[in-house]
Amino acid sequence: DFMLIFITMIGIIVGVIIQLTGNVLMLEPESFDKKSLIQGYQQLKAGKLFNWFSFSMGVIAVLLYLKLGLSFMFVKNLFFMMMMGLIAYIDFKVLCVYRVTTIVTMCIGITFTFLEYIVFAISPISSLIGAFIGFAVIALIVYLTHGMGEGDIEIAALCGLFLGIEGVLLTLFMGIVFGGLGGVVLLLRRSKTLRDEMPFGPYLVAGAMISMIGAKEIIGFYLSLF
């Protein structure tokens, strides 16, 4: 199907753009010069940015298309995928969530929520409550345990804004599960110790991607077990 191939390519290109943008943002201001741009171009030309990350973006884009078609919600979720991918990529590389990325995502997310209400009469209540839940839960964990960074609070709030109440609850659950499993794997491989910092953002984003594609189905299946 031509459309599936086209959407796959869009997702892969988004993955490449994420890596290029992330690599530029991670540069210190004094390190940003013509040479760094040339290195980025060389990476692109050599195909090094067409990797598992880019292809995973392609897969997610196709799953979104199969679920939503070419619609307003597809565009909204594709933007969410792109920005969450960028945030997770940077956090994984340098253990930092850049505020510029979360502010841009928040502003565009609020715009999408406003348009949903104006054009499609979709209530913003779920998005607003979802953002509050994401913010409150992770903020509580951060300030009680100091086991996460403040950037994770912003990520969780953004997940709630885009995914609503059901989506953010599943995101938080899966993010914590993935984070725990990832920590255990790193400890067993002895690549980390209990005192080392580990990025939690990528695990939250992984949970968000799954929630974005199948939150209702997963929650519905879980409830059907009882």
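The values are calculated or read from the model by the stated rules, or taken from the named source; none is laboratory data. In this text, all values refer to a predicted model and were calculated from it rather than measured experimentally. Neighbour counts run over all protein chains shown; Cβ positions are idealised from the backbone, glycine included. The area values use the complete protein model at the heavy-atom level, side chains included, leaving out ligands, DNA and RNA. Shrake-Rupley method; radii C 1.70, N 1.55, O 1.52, S 1.80 Å.
Where residues in region 123-139 are in a helix (DSSP H, G or I) and not hydrophobic (A, V, I, L, M, F, W, C), which of them is surrounded by the most Cβ atoms within 10 Å (Cβ to Cβ)?
Only one residue fits best here, namely G134.
(1) over 29 Å from T8 (Cβ atoms); (2) free of Cβ contacts under 8 Å to residues at least 12 places away in the same chain: which one isn't true of I138, the others all being true?
Answer for I138: the failing condition is (2).
Quick one: in region 71-122, of everything that is free of Cβ contacts under 8 Å to residues at least 12 places away in the same chain and not in a helix (DSSP H, G or I), which residue is least open to solvent (accessible area, probe 1.4 Å)?
First, pick out the residues of region 71-122 that are free of Cβ contacts under 8 Å to residues at least 12 places away in the same chain: 71, 73-75, 103, 107, 111, 114, 117-118, 121-122.
Checking which are not in a helix (DSSP H, G or I) leaves us with 71, 121-122.
On the way: S71: 40, A121: 82, I122: 72 Å².
The residue in question is S71.
Identify, please: which residue in region 140-175 is outside any helix (DSSP H, G or I) and open to solvent by less than 90 Å² (accessible area, probe 1.4 Å) and is, among those, modelled with the lowest pLDDT? Before the answer, list the steps.
In the first step, residues of region 140-175 are kept if they are outside any helix (DSSP H, G or I); the result is 146-149.
Next cut, open to solvent by less than 90 Å² (accessible area, probe 1.4 Å) only: 147-149.
Details: G147: 72, M148: 80, G149: 83.
Taking the candidates together, the pick is G147.
Kindly indicate whether any position in region 190-200 is within 14 Å of the chain's Cα centre (by Cα), closer than 25 Å to I18 by Cα and part of a loop (DSSP other than H, G, I, E, B).
Yes: one or more hits.
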